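The values are calculated or read from the model by the stated rules, or taken from the named source; none is laboratory data. These numbers were taken from a predicted model, which means no experiment stands behind them. All Cβ positions, glycine included, derive from the backbone under ideal geometry; neighbour counts span all protein chains shown. Note: accessible area is taken over every heavy atom of the protein model, side chains too, but ligands, DNA and RNA are not part of it. Shrake-Rupley method; radii C 1.70, N 1.55, O 1.52, S 1.80 Å.
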Amino acid sequence: QVLLVFAEEDEQSNGFRWACDKAGFRCNLARTPQSALECFLDKHHDIIIIDHRHSRYFDAEALCRSIRTTKASENTVIICVVQRHTDREESSILPLISAGFTRRYVENSSRMACYNELIQLEFGQVQAQFKLRACNSLFTALEKSQEAIEITSEDHVIQYVNPAFETMMGYQIGELIEKELTEVPINEKKADFLDTINSCIKIGKEWQGMYYAKKKNGDSIQQNVKILPVIGQGGKIRHYVSISRLCNDNNKVEKTCECIQAESQTDTQTCRHKDMRKGSLDVRSTTSRGSDGSSQRRRSSMARVHSMTIEAPITKVINIINAAQESSPMPVAEALDRALEILRTTELYSPQLGTKDEDPHTSDLVGGLMTDGLRRLSGNEYILSAKQTHQVAGSLSSPISLNDIPPRITQAMENEEQWDFDIFELEAATHKRPLVYLGLKIFARFGICEFLNCSESTLRSWLQVIEANYHSSNSYHNSTHSADVLHATAYFLSKERVKQTLDPIDEVAALIAATVHDVDHPGRTNSFLCNAGSELAILYNDTAVLESHHAALAFQLTTRDGKCNIFKNMERNEYRTLRQVIIDMVLATEMTKHFEHVNKFVNSINKPLAALEENGNNGDGESIKTVLRSPENRILIKRMLIKCADISNPCRPREQCIEWAGRISEEYFAQTDEERRQGLPVVMPVFDRNTCSIPKSQLSFIDYFIIDMFDAWDAFADLPNLMEHLNNNIKYWKGLDGRNLRVLRPPP
């Protein structure tokens, strides 16, 4: 809302009225100081524009002072319109600031000039005032909170403490404000301990542990404290936040002390990374106290929340734990508190890096593969396949027949049912077109055409279309990788435990998903596409960008032409079921959900099966069948199957493992090169072709992503040969790293 205070109508006032209409702002016009003050007290405008050009009508500065004396003006932007003087020196703006004006506007009756001024105010001062209003509500909560709260600056100067904190520490109102922490009694015996805390928080980490503080009277109190840093201007720590639980001699929690300190402190015991707030509050500029009515409304709102009948499973779990706490001894209650804190986080399945966060290879791999990138830091646009013309059936050469495969290719595929099958030999024999040939053979072995009720020629056309839409220019994400994943998928499907679990439609879905899972991959990670503002990232809202594209494009390519539509003869409901399974499996290859899929598999399948075996029910087919055949667990098994197939390179024979390591490294090197050329954030800095240690990067990837996943998959599917290869490859990479070699192979 805008209030215009002009004694007379003129071009300037008309310009602002027009600008208000164009901007969609509600506008009031006052002619006298009295009517202006009355209107403001009634409407509480966000912007007031006062005419200061003609002092004979009213005293603009006096009116501004009058408005500023009202409580309602605390967050109001007041503009002073002054005359334009071209024949004398610029006058000082300080008298206007002293009177309470926010800024001045040199008269310009141009409608667009008035409009631009209002828009700049809206997105500048007005928006800032909105944030300060929100701060008032936050500080109302702090003031009324029974928790003790303290705010200190980056220089350890106390900026704010709430009444609960003053009461707990034995201070009077205002005694602590502007004091440095060094002026407040501390436990002298804990100097080294304080150094430990500071060394942790000053690098932007959270600290948590037991801490002894001194009250004003010198009494020592024990607190369970969590201290966090708050990042402010310049990306530096500007405030510190601590959350404390006050303990008595029996270590019983009496109440919570929540401190927001201007220094960040990370848990030296857990040393976990936390996202830092990107802003900080100037607590000296705003403080307010809530009313009893507002606290009653808050209690009423919370009561309605607790009475809701729609409960998610996690809510039920939290409620059960809360109820158990009431009758539990203190150590158990505190342990349950920590469990609740973990359950309330958003990333329940992604492990904290812990000691591994000191390894830049692990950090970069996690950042590059498990995040959707930083926000855009440049105006560059990365345009890829969204505008490409994708290959369709009609543009390809006539498909070959399974019976017409050349002898060399037939020989290369002789042992395709074995894990040690060499995909690179087939790649060479087919001139980088292994997917069509291997697909024909594997799909024939599994009877895919019979299940889909499609002809072999349709299947051949489909395989050709899919392979044509893989980028042969990619060193890693090309059709050879797709063929490799298809081979691994078929191998896993042949394992006895997997065959017991999955239906024919699951097998068909798995083989098709493996074939299309990276179609049209640009050779860049999701993080890169999000940072570059690519069309695909915009289309898929920076979420599972590539995986969503692979699944969507696969069905577009398949259904747009009857010559390659392998689904065209399926019954509608069966097609919808098959389509859903394929999409789910392709999306499961996205790495941000890696640990969620692995942990769910372990908890829902590995552990129940192990428990049955330990209880002597190994031969109880019904119990095992119950675990394996539940719809939820079949989904987990299919996701785990394609995930293991997708990143099985470290479990391949050594020469294949080395070749794949070289190819993925080259693709990451090329991405780093392009990020630097385009001025984009470099999401995996260790993958610099001039400095990267490939053995270290492989060991980090294996340690963080592979070992736990394949231990779980091996326990389920029984894969001793894969685990032997994995152990041998780990020894190989460790041998190179131990010699400080950064290359794929040792020198001759």
* Paramagnetic reach from Arg84 (point 7 Å along Cα→Cβ, amide N under 13 Å) across the range 109-123 -> 109-114
* Asked: Given 0.36 nm per residue, what is the gain on full extension from Ser220 to Ile97 after removing their alpha carbon distance, in nm?
  -> 39.4 nm
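What is the ratio of the Cα radius of gyration of the range 495-592 to 2.2 N^0.38 Å, where N is its residue count, to two decimals?
Working: Rg = 15.0 Å, N = 98, 2.2 N^0.38 = 12.6 Å.
Cα Rg divided by the expected 2.2 N^0.38 Å: 1.20.
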* Beta carbons within 10 angstrom, averaged per residue: use that to sort the peptides 215-225, 467-477, highest first. => 467-477, 215-225
* Report the accessible area of Asp703, computed with a 1.4 Å probe over the heavy atoms of all protein chains in place, in Å² rounded to the nearest 10. => 70
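Given Lys179/Lys226; Lys43/Lys131; Lys202/Lys226; Lys495/Lys607; Lys499/Lys600; Lys202/Lys734, which pairs have Cα atoms separated by over 24 Å? All intermediate terms of the calculation are to be shown ahead of the outcome.
Working: Lys179/Lys226 22 Å; Lys43/Lys131 20 Å; Lys202/Lys226 14 Å; Lys495/Lys607 20 Å; Lys499/Lys600 20 Å; Lys202/Lys734 34 Å.
In this structure, Lys202/Lys734 lie more than 24 Å apart at Cα.
Set the Förster radius R0 to 56 Å, insert the Cβ-Cβ distance between Ser457 and Lys495 as r into 1/(1 + (r/R0)^6), and round the FRET efficiency to 0.05. Working shown, then result.
On the way: r = 31 Å, r/R0 = 0.56.
About 0.95, to the nearest 0.05.
Which loop-located GluC sites (Glu not before Pro) does the range 398-460 contain, where loop means any DSSP state but H, G, I, E or B and the Cβ has at most 12 other Cβ atoms within 10 Å? Walk me through the numbers on the way to the answer.
Numbers: sites: Glu414, Glu416, Glu417, Glu425, Glu427, Glu450, Glu456; in loops: Glu414, Glu416, Glu417.
Those that pass, being in a loop and sparsely packed, are Glu414.
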* Highest-first arrangement of 513-522, 489-498, where packing means the average Cβ count within 10 Å -> 513-522, 489-498
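Let me make sure I get this right: for the range 561-686, a, b and c are the square roots of the gyration tensor eigenvalues over alpha carbons, sorted descending. Under 1.5 in a/c it's rounded, otherwise prolate if a/b > b/c, else oblate. Which is it? Show your work: numbers first, answer last.
On the way: a/c = 2.42, a/b = 1.42, b/c = 1.71.
Note, shape of the range 561-686 comes out oblate.
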* To do: Can you tell me the dipole magnitude for the range 570-728 around its Cα centre, using point charges on the Cβ only (Lys, Arg +1; Asp, Glu -1), in Debye to the nearest 20?
  => 440
* May I ask you to evaluate 6.51 cos²θ - 1.76 cosθ + 1.60, the Karplus curve with θ = phi - 60°, for each residue of the range 642-657 and list the ³J(HN,Hα) values in order in whole Hz, giving x for glycine and proline? => 6, 5, 5, 5, 5, 10, 8, 3, x, 9, 8, x, 3, 4, 5, 4
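Once the piece of chain linking Arg133 and Glu9 is laid out straight, how much longer is it, given 0.36 nm per residue of separation minus the C-alpha distance between them? Numbers along the way, then the final one.
Values: separation 124, 0.36 × 124 = 44.64 nm, distance 3.33 nm.
Full extension from Arg133 to Glu9 adds 41.3 nm.
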* Which loop GluC sites (Glu not before Pro) in the range 562-594, with loop taken from DSSP, have no more than 13 other Cβ atoms within 10 angstrom of their Cβ? -> Glu571
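Please label the shape of the range 582-643 as rounded, prolate or oblate, based on the square roots a ≥ b ≥ c of the eigenvalues of the alpha-carbon gyration tensor (a/c under 1.5 means rounded; beyond that, a/b larger than b/c means prolate, else oblate). Can you show the working numbers first?
Details: a/c = 3.83, a/b = 2.07, b/c = 1.85.
It is prolate, given that a/c is not under 1.5 and a/b is the larger ratio.
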* Cα-based Rg / Dmax (Å) for the range 2-142 -> 15.1, 54
* Would you check the accessible area of Phe451, probe 1.4 Å, heavy atoms only, in square angstrom rounded to 10? => 60
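Leaving ligands, DNA and RNA out of it, rank Ile658, Ile97 by accessible area with a 1.4 Å probe, largest first. Each step should come with its number before you reach the end.
On the way: Ile658 5, Ile97 80 Å².
Ranking Ile658, Ile97 by accessible area, largest first, yields Ile97, Ile658.
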* Carbon and sulfur together cover what percent of the accessible area of the range 539-689 at a 1.4 Å probe radius? -> 46
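What's the extension gain from Asn721 to Leu343 if we count 0.36 nm per residue and subtract their Cα-Cα distance? Working shown, then result.
Values: separation 378, 0.36 × 378 = 136.08 nm, distance 3.79 nm.
Extending this stretch completely gives an extra 132.3 nm.
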* Asked: What ranking, highest mean first, results for peptides 554-564, 128-138 when packing means the other Cβ atoms within 10 Å averaged over each residue?
  -> 554-564, 128-138
* Heavy-atom accessible area ranking, 1.4 Å probe, most first, across Ile448, Ile177 -> Ile177, Ile448
